[in-house]
Structures are given as structure tokens and as C-alpha cells.
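Asks: Got a structure for you, written out below as C-alpha cells; questions coming shortly.
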Amino acid sequence: MSTRPDRVVSLRELAAGIPDGSHVALAGFAITRNAVAFAHELIRAGTSGLSVTQVFSGMETDLLVAGGAVDRLTYASGSLDRFGLLHAVNRGVATGRLELIEYSGLALALRLHAGALGLPFVTTRSMLGSDLLAPLVAAGQVEQIESPFDGAPCLALPPLRPDFSVVHVDVADRAGNAVVDGPLWSIPETARASKVALLVAEEIVDVGELDPSRVTIPGSLVHAVAHVPRGGHPTAVYGRYDYDAAHLRSYVAAAGTGAEEHDAYLDRFVRGVSTFDEYLALAAA
Amino acid sequence: MSADGRWTGGEMLAVAGSLQVHDGDVAVIGLGLPQMAALLAQRTHAPDARLLLEIGVFEPMPTEPSAGIADPRMWRGATAFGTTLEVLGVMAHGGRVSLGLLGALQVDPWGSFNTTEVEEADGRRRRFRGSGGGNDISSNAGRIVIVMTHQARKFAETLTFLTSPGRQVGDRSRADLGLPGEGTCAVVTDRCVITLDDHGATLESVHPGEHPDAVLADTPIPLAVPDGGTKETPAPTARQLAFIRNELDPNGWYTS
């Protein structure tokens, strides 16, 4: 009888495995399915110098930037939908404390796809003629080429292989096979491209309980999974809970007022508690 | 607001924007006003318009207002969930998207637009959302319609940041750049409808209560006037207004 690996760890262990200066790919989208519990834990751990990649950045990245954990962000966009902009990210770019590298959404997803497959490069026509192109060419991250087959102008994009990825999933079994319900944006590419794929799960079940047809991320790709119910709060997790509109509004109000007010939010809701359950109780109060 | 208060500028914008969506269009739509215009079209004259969201949502038919494309309310009634590689890649890059319906911070005379950052009066740059899938949609869709509120500073000969290419960039056509599709064919605001072709931009119609000269004065890019003069945009119908107020945007988040 074979045994399956047990990849379940605590959230603290998951975060402690991320060294300062790592390249971490995150997989939330604006106000939905953000790994907020993981971001809180990294901030409490005092992690710094991260390079973060997130195709459609949301609250998790804004929290990490506000918490001083991030030196560089690679993204295609960032917002909290109609709740507002990513104020820590935008402030960091304006002050020069955060290096920002911008792509189109498809171009960045394709770079992750190339990383996942071990391709030498991928190609697209997106970004041709736009102001996104020149800084990427100058940084050696994109090259304008002609198709070797028909001479069409296109771009060559190198693969992206982040050190870690973190995805907030619905259900994982103890070996890390995971189900993500709802739309998937760039979640599969993000998990597949990273050297070490980490999960935060709403639910953990025993191996064998998941229908393999429903598995979004195979455990073969996954290194560890932590169990954090409601770990996406205040962002929404499809089919489980809505975003917390009142909390998001108060977050944006603090974040948008200034760095000091943003830091006061972190002091209260992140550094002022020691677990995500304590945060959830505080946020519900 | 119309002169006699029968509708708001936002409602007029949603209605005029919706008329740019044709029945049978496969359309990728952006956050906010584009959502309003697309959903209004879907529920009125274009029931067979297939809406797509870059988050990986196919053909949603939401029945309550949402805070954006990352709000699960916006995904209700979808026929399929997939990935960004499927929507921006397979559908848009693959040549299967006829229309991109998008918002903009700033537009140039050829319909290229900026969703990245604007320059404030003091010269500082203020960052907004970035491209997201906007560049991919405008680079690959058959045609693009921009919907945005009308302010003179949003029209510029040279953009602060060219996030998404229109019909040409500098003196290079889309074909020269290697891009398919015709590019931006209309800019719809809460005051007018501007159409674009390979000769440039035209003040096609102004909304009821607006005078073409006043709109021209607040639109600092070259605008032609069509043969026979600028028309009046059809006024919103009672049915359109009822749908906006009762179902689409009862809280007035986008159209108040």
C-alpha cells in the first residue's frame, strides 16, 4: 500500500519558508480571492525585499507594499474595483520606493505560461505600439522581433519563474491537490510557473476525497498547504463568502489618506493581532 | 443631467454607449461604465451580444449591481468560467472578439488611450489602474468603443501614457505596427458621440440639450463635422431608463 505525502503546514510555517528577497507570485484579483491571511503573516514575520508578481494586483499586494515587504512589483494592473485604487502601490511608485514593471495582462500571463512549460520564450502582438513597450525593451525583458515564418512584427517575452507562488484555494486534500471554484484568471499559470507552489485553503480534506476531475492544481506541483477558513477576508471567495464592503471602504479610506494612516490600519488589524482568527474577530467587532 | 432633469449624464452615457454594441458582438468589457453600457445593450437591442470578462468569465447575465469585474455578482448567469489566457488569449488574441468596450482616462485623436497615469496641474503623475487586459483587447479586437465622462483634459494630442493603441500611433497604422482590427471606432461621453475612421475623428452626435459648438469647445482634439451637420443622439427611452434605475444601477454607483 502506497502512502501519500502530507503537505499540510501551519500558516506561520508557510510564511516562514519565504526568505527575504524572494520572488513571490500572488494570485488574487482586485477584491476577489486574495491570500490576505498569508499577506498578514508575512508582514508580522517582518519579511522584506520581496519581488512580487501579480497579473491583476489586489488587496494582498497593497497590504504587503504598505507593510514594507516589497521592493519590486511586476503587474498588468492593480485596483480594488470601485472601492478604489491600490494606494500603497501607487504611493510607492510615486515616491520611488517601489520599482514597478508593467505589462499587459496577457503578456504577463504568457510569461508565466512560458515559465510553467520551460519554454525559451513566448510571443505576442499585444503591447506593440504602446508605451508599455519601451521600458520593457530597455530592461531587457522584451524584444521586438519578426516572425521567422512570415516576418510579422511581434514580441519575444522570456519565461517567468517566481521562487514561490501563493494561491488561495477552496478545498485542498492533505497532499495539496486543490480545487478553485469560479473564474480562474491567471491562477493556473501562476501556480505552475513557480519553483515552489504554496496554497492557503478554506477547507482541507483527506486524500481520495476530491474528485480528480475537479482538481484545478494537481498536488504534484504543490509543496505545502495551510488551512485558513475565511483567509481571503475582506475579499470575496466565490461561492463561499462575499467581500466585506464596509471593511474594504474603511481600508481604502485609511490607505488613501496617507502612509501614516495606512500604517495605523496595519498596526491595528495586522501587527496588533497574532493570528488571522484574531483579525477576523476584530474585523467583525 | 438633461435640461429638464429626465435623466442623468451617466444614464445618457450608458444608453449612448449601449447603442455601440451590436447584436451578435463578442465583446470583452471593462470595469464601470462599460459594464453599464454592455449590460444595457444585452437587455435591450442586443440580446445575442456575448459578453466576456478578462477575469475568465464567459457570457454573464448578472441581475444585480456589482462593484466591478472582480465582484462575483457580475459573474452570475455565466455559461462558462475559464482563465485570462482563454479570454485575452484564445478569444481576443485568437481573433474571436469583435468589440472591446472600455473606459479611459485620456484619448488621443486616433483613439489611442491611457488607463495608466495622468499628469496633475503641478506636474506630478498620478497613477491609476494600468493596462490590465485593456492593451490586449485594444491590440486584438475587431473594433474598440471607449466610454468615459467628458472633460476637456481627457482629450489630448499626446497622451501622458499610451496604454492602448487606437487606429494609428504617430504616423504608423495598425497594420504597420502589426496589429489586426480597425481600432477605436467611437468615443462615447456623457455629452456626445465621437466616431473615428481612417480620416480622423468626427463629432457624430451631441446628446439632447447639448450644442455642438459647446461640445467642440470642450474637446481639444481635431474633430470634423459630418456632412449635414452633427446630429442629436437619440434620447433614452423609458424602457432603457427603467432598466438602468431598477436593475442595472439602483444605487447610482455608475450613472448618478
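The values are calculated or read from the model by the stated rules, or taken from the named source; none is laboratory data. Keep in mind the model is a prediction, meaning the values are calculated, not measured. Here the Cβ is made from the backbone with ideal geometry for all residues, glycine too, and neighbour counts use every protein chain on show. Calculation scope for accessible area: heavy atoms of the full protein, side chains included, ligands and nucleic acids excluded. Shrake-Rupley method; radii C 1.70, N 1.55, O 1.52, S 1.80 Å.
Asks: For A:GLY182, only one of the following conditions fails: (1) on the phi < 0 side of the Ramachandran plot; (2) within 9 Å of another protein chain (Cβ to nearest Cβ); (3) open to solvent by less than 20 Å² (accessible area, probe 1.4 Å). What is its number?
Replies: (1)
Asks: Here are the criteria: (1) small (Gly, Ala, Ser); (2) without any contact (Cβ under 8 Å) to a residue 12 or more places away in the chain; (3) open to solvent by 30 Å² or more (accessible area, probe 1.4 Å); (4) facing chain B (nearest Cβ under 10 Å). Tell me which single one A:GLY129 does not satisfy.
Replies: All conditions pass for A:GLY129, except number (3).
Asks: Restricted to segment B:66-82, and to residues that are assigned to a loop (DSSP other than H, G, I, E, B) and within 10 Å of another protein chain (Cβ to nearest Cβ), which residue is surrounded by the most Cβ atoms within 10 Å (Cβ to Cβ)?
Replies: B:ALA70
Asks: B:ASP249 - would you say it is acidic (Asp, Glu), on the phi < 0 side of the Ramachandran plot and within 14 Å of another protein chain (Cβ to nearest Cβ)?
Replies: Spelling it out, B:ASP249 is indeed acidic (Asp, Glu), on the phi < 0 side of the Ramachandran plot and within 14 Å of another protein chain (Cβ to nearest Cβ).
Asks: Also, I was wondering about something else. Hey, could you check segment B:168-182 for residues that are within 11 Å of chain A (Cβ to nearest Cβ) and in contact with a strand residue (DSSP E or B) (Cβ under 6 Å, 6 or more places away or on another chain) and say which is farthest from B:PHE113 (Cα to Cα)?
Replies: So the residue we want is B:GLY178.
Asks: While we're looking at this one, here's another question. Quick one: which residue in B:ALA238, B:ALA201, B:ALA217, B:ALA152 is away from chain A (no Cβ under 14 Å) and either open to solvent by less than 30 Å² (accessible area, probe 1.4 Å) or touching a strand residue (DSSP E or B) at 6+ places or on another chain (Cβ under 8 Å) (or both)?
Replies: B:ALA201
Asks: Tally up the residues in segment A:19-46 that are open to solvent by 10 Å² or more (accessible area, probe 1.4 Å) and more than 30 Å from B:ARG73 (Cα to Cα), please.
Replies: 8
Asks: Looking only at residues that are crowded, with 24+ Cβ neighbours inside 10 Å and touching a Pro at 6+ places or on another chain (Cβ under 9 Å) in segment B:114-144, which one is farthest from A:TYR103 (Cα to Cα)?
Replies: Checked segment B:114-144; the qualifying residue farthest from A:TYR103 (Cα to Cα) is B:ALA141.
Asks: List pairs: first residue in segment B:34-56 and on the phi > 0 side of the Ramachandran plot, second residue part of a loop (DSSP other than H, G, I, E, B) anywhere in the structure, Cβ distance under 9 angstrom, at least six positions apart or on different chains.
Replies: Within 9 Å, the pairs are B:GLY56/A:GLY182; B:GLY56/A:PRO183; B:GLY56/A:LEU184; B:GLY56/A:SER186; B:GLY56/B:GLY82.
Asks: Just to be sure before I move on: is B:VAL187 surrounded by fewer than 23 Cβ atoms within 10 Å (Cβ to Cβ), under 21 Å from B:THR255 (Cα atoms) and either at pLDDT below 95 or of a type in the set (A, V, I, L, M) (or both) in the structure I sent?
Replies: In short, no.
Asks: Filter segment A:87-124 down to residues that are free of Cβ contacts under 8 Å to residues at least 40 places away in the same chain and touching a helix residue (DSSP H, G or I) at 6+ places or on another chain (Cβ under 6 Å) and give me whichever is surrounded by the most Cβ atoms within 10 Å (Cβ to Cβ).
Replies: Step by step, filter segment A:87-124, then rank; the result is A:LEU106.
Asks: So B:GLU247 fits all but one of (1) modelled with pLDDT of 95 or more; (2) open to solvent by 60 Å² or more (accessible area, probe 1.4 Å); what number is the exception?
Replies: It fails just one condition, (1).
Asks: For segment B:29-79, what are the residues that are of a type in the set (Val, Ile, Thr) and farther than 17 Å from B:PRO250 by Cα?
Replies: B:ILE29, B:THR44, B:ILE55, B:VAL57, B:ILE69, B:THR79, listed by residue number.
Asks: Continuing with this model, one more query. Of the residues A:ASP81, A:ASP62, A:ASP6, A:ASP20, which single one is among the charged types (D, E, K, R) and at the interface with chain B (Cβ under 9 Å from one of its Cβ atoms)? Step through it out loud before you land on a result.
Replies: Numbers: A:ASP62 fails: at the interface with chain B (Cβ under 9 Å from one of its Cβ atoms); A:ASP6 fails: at the interface with chain B (Cβ under 9 Å from one of its Cβ atoms); A:ASP20 fails: at the interface with chain B (Cβ under 9 Å from one of its Cβ atoms).
Within the list A:ASP81, A:ASP62, A:ASP6, A:ASP20, the selection yields A:ASP81.
Asks: Please find, within segment A:84-105, the residue that is farthest from the other protein chains (Cβ to nearest Cβ) out of those that are closer than 14 Å to A:LEU50 by Cβ and part of a loop (DSSP other than H, G, I, E, B).
Replies: Checking each candidate, the answer is A:ARG97.
Asks: For segment B:100-152, which residues satisfy the criterion of being part of a loop (DSSP other than H, G, I, E, B), touching a helix residue (DSSP H, G or I) at 6+ places or on another chain (Cβ under 9 Å) and free of Cβ contacts under 8 Å to residues at least 24 places away in the same chain?
Replies: Matches in segment B:100-152: B:ARG124, B:PHE128.
Asks: Restricting attention to segment A:226-234, does a residue exist that is part of a loop (DSSP other than H, G, I, E, B), open to solvent by 20 Å² or more (accessible area, probe 1.4 Å) and within 21 Å of A:GLY58 (Cα to Cα)?
Replies: yes
Asks: For segment A:257-269, indicate whether the set of residues that are of a type in the set (Ser, Thr, Tyr) and either more than 18 Å from the chain's Cα centre (by Cα) or in a strand (DSSP E or B) (or both) is non-empty.
Replies: Kept after step one, since they are of a type in the set (Ser, Thr, Tyr), are these residues of segment A:257-269: A:257, A:265.
Next, from what is left, pick out any that are either more than 18 Å from the chain's Cα centre (by Cα) or in a strand (DSSP E or B) (or both): A:257, A:265.
Within segment A:257-269, one or more residues are of a type in the set (Ser, Thr, Tyr) and either more than 18 Å from the chain's Cα centre (by Cα) or in a strand (DSSP E or B) (or both).
Asks: Something else now. Could you grab the pairs with beta carbons closer than 8 Å, sequence gap of 6+ or different chains, first residue in segment B:83-99 and surrounded by fewer than 18 Cβ atoms within 10 Å (Cβ to Cβ), second one charged (D, E, K, R)?
Replies: Filtered contacts from segment B:83-99: B:VAL90/B:ARG96.
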